[in-house]
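Asker: Supplied in structure tokens, the structure appears directly below.
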Amino acid sequence: MHAVRFLLVGMVFIGSGLSLHAEEPLHVRIDTLIAAGSTDYARQAAPLASDAEFLRRVYLDLNGTIPTTAEARSFLADADPGKRQKLIDALLARPAYARHMALVFDVVLMERRRDAKVPRAAWEGYLNGVFAENRPYDEFVRELLSADGVDPKQRAAAKFFLDRDFEPNLVTRDIGRLFLGRDMQCAQCHDHPHVSDFKQADYFGILAFLNRSFLFPNATAATAVLAEKADGEVSYTSVFDKSKKQGTTLPRVLGGKPFAETPLPKGKEYQVAPAAKVRPIPAYSRREKLASAITASENPAFARTAANRLWEMMLGRGIVHPVDLDHTANPPSHPALLDLLATEFAAHQFDVKWLLRELALSMTYQRSSEIPAGAMDMPQARFLVANLRPLSAEQLAYASSQATGQTDADRLALGKNATVTAVDAKIAARLAPFRKVFAAQPGEAESNLTTTLDQTLFLKFGPTLRTMLPPRAGNLTDRLAKLKSDEAIADELFLSVLTREPSAEERADVASILATAPDRATAITELVWALLASAEFRFNH
Amino acid sequence: MPQCDYSCGTAEHLVSRRAFLGSAGAAAALGPAGFANAFAARELNKSQKRVLVVFLSGGVSQLETWDPKPGTDTGGPFAAIPTSVPGVHISELLPLTAKQMHRIALVRSLNSVSDDHGRGASIMLTGRVPEAGIAYPHIGAVTAKLLGSDANVLPGNIQVLDRGDSAFGQADATFLGAKYGAVSLGEGKPPADLLRPASLTEESDKLREEFRKKLNDRFARSRRSAATEAYTESFEQAERVFRRSDVFDVTKEDSKVADRYGRHPFGRHMLLARRLLEAGVSYVKVSHSNYDTHHENFDFHIEQLGEFDRPFSVLLDDLAERGMLESTLVIVMSEMGRTPRINERYGRDHWSKAWSVALAGCGIKGGAVVGKTTANGTAIADREVRSGHLFHTYLRAVGLDPTKNFYPNDRPIPIADPKTDAIEEILA
């Protein structure tokens, strides 16, 4: 009896332990798993970021810009211990969140390809709606992968296909990279030479959903829509195979089950039969099966890739890194964590805001980017010190507008018409020069590792930044010129541009420059420039 | 699989980066070409290879240049003249160039397969016919990457255009990365924003620079990565290019020299090209417009080639005189040739099936002629080559192995089209 009772107690204990564990919010479990990945966690992990560092980071990550001087001042002065959580919730609720996510996902999904068949405004408007309504991520992806461009209401969603000119190999490759975490380009011609998990059959399994489809009436028409034939199989031989054995496959996602087909009787293959100037509609559409097959729960790569990409967006590096090379020889830095994020994201109906909120609430996200004294250089993949990330072209444009007070001046000039949309439209109009210099070429990955000469000259002498500096009612140099003391100037300057207070040393520097410069107004302008051109401004830290 | 994590930010990485940047800085401080004396500069010029492309935009006529067919139904009004190489004749529109023939090799049997301007230019500059799913880098980006030296502060890929503004492009570098993209000097103007704007005095610039550096030093005390390091270093690099902005200014040349090149834009641009090559720029392309002569082909070629002939031959002389010709490959190309058939408007139309390209200098056997067209030039008679063969030849001429690969994203991409190979007959 004793033994049984003991066992029962034990079971209750274990049971409650489990349920307690399961009730812990995701952000707590993230921190536990990051800590578990390091033996010397306590010594190596950076302390929590200061309020100022956190404030700047979370603004850039969730709203794509830096806070106004007034917002920064009030957050730093707020004594509420729950203020970080309140700020995260506030940022997620703002229109700027949807606008920022739209710009981020535009780059992720379209990689700065030319807007040929779906105009930019329609596409950005569509993405904005997706994130403003917080539509489940799987539902969003299903919409992208099932849109054929015929219905005007869903034409914007068809951009993923249409502005790749529906080049089947390109679409196959990008579905692999963006939604399955696998860049299977090599697998087009043979099993991947270095990556044993990337099989030629997997590549052609995806291609088989697509290869019967084509652009109608032709690939170059701006009004082209997708159409599909009722026949056409994929076949492949490996360029390494001397015997040239032909392989073929039905539509299939990774290792999953192929979509079996019952041959249709002759003459019944089409709902609308092909003819000159007629868009054919097959009785059985292979492409129609694609969207749900990619997002199905039987395909764990989908949730895993989505979670990994959102993690990368917030933490500056994927748990699987690079995010499109998920395979056994390139394991995740924190396997259990990636599994947890994927499972929980799916269990929460792919609620993007929920996941971003949990990530932002974690101590892991909120750590300082300053390497603790005595700790060695910290590998990025350990997530013990916040990673430094250069601002995207868009973040740089928005943050520069805010820092220089261009945005404040716009708001002032708009007066009672200063709606969020109206102010945003002013900045959007100034995005182009930043994109021209800081964004990647169409179809190429954004590179954050090098700085090119034109980028530096753009910041150093270029007219775009320079024209933001001179005094204009309500902008930063205008406000600074009206301040009496050097100390007040230093404070306003640092808070506005770098979202922090200056150190004593920096206050002294500002005072000495103002004292030596022949012309105070010019000195103020160039002080603003120096802060804008600093690494601290250029990077999200 | 090989891991290549550039953002590792390890201490070793930073140290080696510093060492390289340090040496680059030291070289730049020593004045023109970064060397203390002319002898060292000459040695550098010998060992460091460069490429100059003279691009005759619009499609130059092979019949009015390198492969004349006088007295035939397609030949047009111009005679063929003897050159410095016995037995080799070129059009009488190129009298000065004819005297340079012992330095020049001709390929008279090129089939570049496209009669379209854009596609033709891409085929000629990438050595490949465009394929879906991959964009190949242009010869300028390829040579900037493979021939460039860390010791040179100037951009490695510069094109002098006869139109437009100065601009930075990346499109021609594709997977090689923006660093190797062409810097365009429209009308020979210096790179955009290289010069300090009038509203910023030298003194203010100095003050603000000092403060910017202080801020960066403070930031780097506790936060450091390869990317932040590269960012702060890029301002030093821009400063070094700024200090050498004279290179872009042809008015620094003696007026007699400028007269020799000719006072027209193309003359100035060829002189600018010489200055850039001298300063160690790996690749310079000078465009000369416009040869798209659907009307009045003959009048236009008199005019255009009259402008081309002198600066081109003067540049070859200048390079030879400076000991630079043996290390500089010079290519005269176009996006296509022109039809042998003369149309009803006395014009010639687009033609890719049988035309010519000229090469000179580094690695080239002067006076060699490869390939032949039929008597009236309407077809290739011997030794057909494609742009891929030329691409192999360019790289071999400057001592590179075109059969090696680039590895963007770990995927091997042959530098030159593996279906073709070099034209050995014209390689020295």
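Asker: Convex hull over the Cα atoms of segment B:294-428, averaged projected area in nm²?
Answerer: Reported value for the Cα convex hull: 10.4 nm².
Asker: Under 25 °C and 0.890 mPa s, how fast does segment A:303-449 diffuse according to Stokes-Einstein, given a Kirkwood radius computed over C-alpha pairs? Answer in µm²/s, whole number.
Answerer: 136 µm²/s
Asker: Can you give the Rg to Rh ratio for segment B:129-191, taking only C-alpha atoms and Rh from Kirkwood?
Answerer: Taking Rh as the inverse mean 1/r over Cα pairs, Rg/Rh reads 1.01.
Asker: With a bin width of 10 angstrom, please list the P(r) values of segment B:251-349 as percents of all Cα-Cα pairs, from the 0 bin to the one holding the largest distance.
Answerer: Reading upward from the zero bin: 14, 41, 27, 15, 3.
Asker: Take the residue pairs A:Lys460/B:Lys285; A:Lys83/A:Lys353; A:Lys86/A:Lys426; B:Lys145/B:Lys213; A:Lys159/A:Lys289; A:Lys484/B:Lys214 and return only those whose Cα atoms are more than 22 Å apart.
Answerer: Listed pairs above 22 Å: A:Lys460/B:Lys285; A:Lys86/A:Lys426; B:Lys145/B:Lys213; A:Lys484/B:Lys214.
Asker: Let me ask another. Inside 10 Å of the C-beta atoms of B:200-206, what's the mean count of C-beta atoms belonging to other chains?
Answerer: 4
Asker: Follow-up question, since we're still on this one. Assuming R0 = 51 Å, what is the FRET efficiency of A:Thr343 and B:Glu210, from their Cβ-Cβ distance, to the nearest 0.05?
Answerer: FRET efficiency, A:Thr343 to B:Glu210: 0.45.
Asker: Based on the alpha-carbon gyration tensor of chain B and its eigenvalue square roots a ≥ b ≥ c, which shape applies: rounded if a/c is under 1.5, prolate if not and a/b is larger than b/c, or oblate?
Answerer: prolate
Asker: Subtract the Cα-Cα distance of B:Ala320 and B:Glu424 from 0.36 nm times their separation in residues, and report this length gain in nm to one decimal.
Answerer: The span from B:Ala320 to B:Glu424 would gain 35.1 nm if fully extended.
Asker: Further question on the same structure: Under 20 Å between alpha carbons, and skipping anything fewer than 8 positions from A:Lys268 in its own chain: which aspartates and glutamates qualify?
Answerer: A:Glu228, A:Asp231, A:Glu233, A:Glu288
Asker: Could you derive backbone 3J(HN,Hα) for segment B:369-385 from the dihedral phi with the Karplus parameters 6.51, -1.76 and 1.60 (θ = phi - 60°), listing whole Hz in sequence and x where the residue is Gly or Pro?
Answerer: Here the 3J(HN,Hα) series is 10, 10, x, 8, 10, 5, 3, 10, x, 7, 7, 7, 9, 7, 6, 5, 10 Hz.
Asker: Also: For segment B:190-206, take each phi angle, set θ = phi - 60°, evaluate the Karplus expression 6.51 cos²θ - 1.76 cosθ + 1.60, and give the result in whole Hz per residue in order, putting x for glycine and proline.
Answerer: These are the phi-based 3J(HN,Hα) values: x, x, 3, 6, 6, 8, 5, x, 4, 6, 10, 7, 4, 5, 4, 4, 5 Hz.
Asker: Please build a GNM for chain B, connecting alpha carbons under 10 Å apart, and tell me which residue among B:Ala273, B:Ala80, B:Ala375 fluctuates the most.
Answerer: B:Ala375
Asker: Taking amide H positions as placed in the peptide plane 1.01 Å from N, state which residues far from B:Val53 in sequence (5 or more) or on other chains have amide H under 5 Å from it.
Answerer: B:Val284, B:Lys285, B:Val286, B:Ile331
Asker: Return A:Leu310, A:Leu391 ranked ascending by Cβ neighbour count within 10 Å, so the fewest neighbours appear first.
Answerer: A:Leu310, A:Leu391
Asker: Using a Cα-Cα cut-off of under 17 Å, which lysines could be cross-linked to A:Lys277, ignoring same-chain neighbours fewer than 8 residues away?
Answerer: List returned: A:Lys229.
Asker: Further question: Quantify how much of the Cα-Cα distance distribution of segment B:174-297 extends past 21 Å, in percent.
Answerer: The calculated P(r) of segment B:174-297 puts 58 percent of pairs beyond 21 Å.
Asker: Along its three principal axes, how long is segment B:299-340 when you only count alpha carbons? Whole Å, largest extent first please.
Answerer: Its Cα atoms span 38, 19, 12 Å along the three principal axes.
Asker: Now for a separate question. Distance between the C-alpha centers of segment B:176-235 and segment A:384-453? Whole Å please.
Answerer: About 19 Å separates the Cα centre of segment B:176-235 from the one of segment A:384-453.
Asker: Still on this structure, I have one more. Based on the Cα atoms of segment A:119-209, what semi-axes does the equivalent ellipsoid have, where each is the square root of 5 times one gyration tensor eigenvalue, given in whole Å with the largest first?
Answerer: 29, 14, 10
Asker: Can you sort B:Leu185, B:Leu316 so the residue with the fewest Cβ neighbours within 10 Å comes first?
Answerer: Ranked by crowding around the Cβ, least crowded first: B:Leu316, B:Leu185.
Asker: Tell me, what are the semi-axes, in whole angstrom and largest first, of the equivalent ellipsoid of segment A:165-235 as set by the roots of 5 times the Cα gyration tensor eigenvalues?
Answerer: Those come to 25, 13, 9 Å.
Asker: Over the whole of A:378-389, what's the average partner chain Cβ count within 10 Å per residue? Rounded to a whole number, please.
Answerer: 3
Asker: Over the Cα atoms of segment A:30-92, each weighted equally, I'd like the Debye log10 I(q)/I(0) at q = 0.17, 0.20, 0.28 Å⁻¹, rounded to two decimals.
Answerer: -0.69, -0.84, -1.18
Asker: Go through segment A:316-321 residue by residue and turn each phi into a ³J(HN,Hα) via Karplus (6.51, -1.76, 1.60, θ = phi - 60°); whole Hz please, and just put x for glycine and proline.
Answerer: Karplus-based 3J(HN,Hα) across segment A:316-321 equals x, 6, x, 5, 8, 9 Hz.
Asker: Can you give me the orientation-averaged projected area of the convex hull built on the Cα atoms of segment A:209-358, in nm²?
Answerer: 13.6 nm²
Asker: Under 18 Å from a label point 7 Å along Cα→Cβ of B:Arg383: give me every residue in segment B:123-164 with its amide N that close.
Answerer: Label zone hits: none.
Asker: Something else about it: Label the protein assembly as shown by shape, choosing from rounded, prolate and oblate, from the square roots a ≥ b ≥ c of the eigenvalues of the Cα gyration tensor; if a/c is under 1.5 it is rounded, and otherwise prolate applies when a/b is larger than b/c, oblate when it is not.
Answerer: In terms of gyration-tensor shape, oblate.
Asker: What lysines could a cross-link reach from B:Lys99, if we take a straight Cα to Cα line under 18 Å and drop same-chain neighbours fewer than 8 places away?
Answerer: B:Lys365
Asker: May I pose another question? Taking H as built 1.01 Å from N, whose amide H comes closer than 5 Å to the amide H of A:Ala46, not counting residues under 5 places away?
Answerer: A:Val385
Asker: Suppose R0 equals 41 Å; then what is the FRET efficiency for A:Ser50 and B:Ala171 from their Cβ-Cβ distance, rounded to the nearest 0.05?
Answerer: 0.45
Asker: Rounded, prolate or oblate: which fits segment A:385-471 when a ≥ b ≥ c are the square roots of the eigenvalues of the alpha-carbon gyration tensor, with rounded for a/c under 1.5 and prolate only if a/b beats b/c?
Answerer: Since a/c reaches 1.5 and a/b is larger than b/c, the shape of segment A:385-471 is classed as prolate.
Asker: Please report Rg (one decimal) and Dmax (integer) in Å for the Cα set of segment B:366-428.
Answerer: Reported Rg and Dmax, both Å: 14.5, 49.
Asker: Averaged over peptide A:499-511, how many Cβ atoms belonging to another chain are found within 10 Å of each residue's Cβ?
Answerer: Mean partner-chain Cβ count within 10 Å for A:499-511: 1.
Asker: Taking 30 Å as R0, compute the FRET efficiency from the Cβ-Cβ separation of A:Arg112 and A:Val272 and round it to 0.05.
Answerer: Working from the Cβ atoms, E equals 0.25.
Asker: Could you put B:Lys189, A:Lys482 in order, starting from the residue whose Cβ has the fewest other Cβ atoms within 10 Å?
Answerer: A:Lys482, B:Lys189
Asker: Hey, could you get me the Stokes-Einstein D for chain A, Kirkwood radius over alpha-carbon pairs, 4 °C and 1.567 mPa s, rounded to whole µm² s⁻¹?
Answerer: This corresponds to a translational diffusion coefficient of 50 µm²/s.
Just so you know, all these numbers are worked out from the coordinates, no wet-lab data involved. A quick note: this is a predicted structure, and the numbers were derived from the prediction, not measured. Cβ sites come from the backbone with ideal geometry, for glycine too, and all protein chains shown count toward neighbours.
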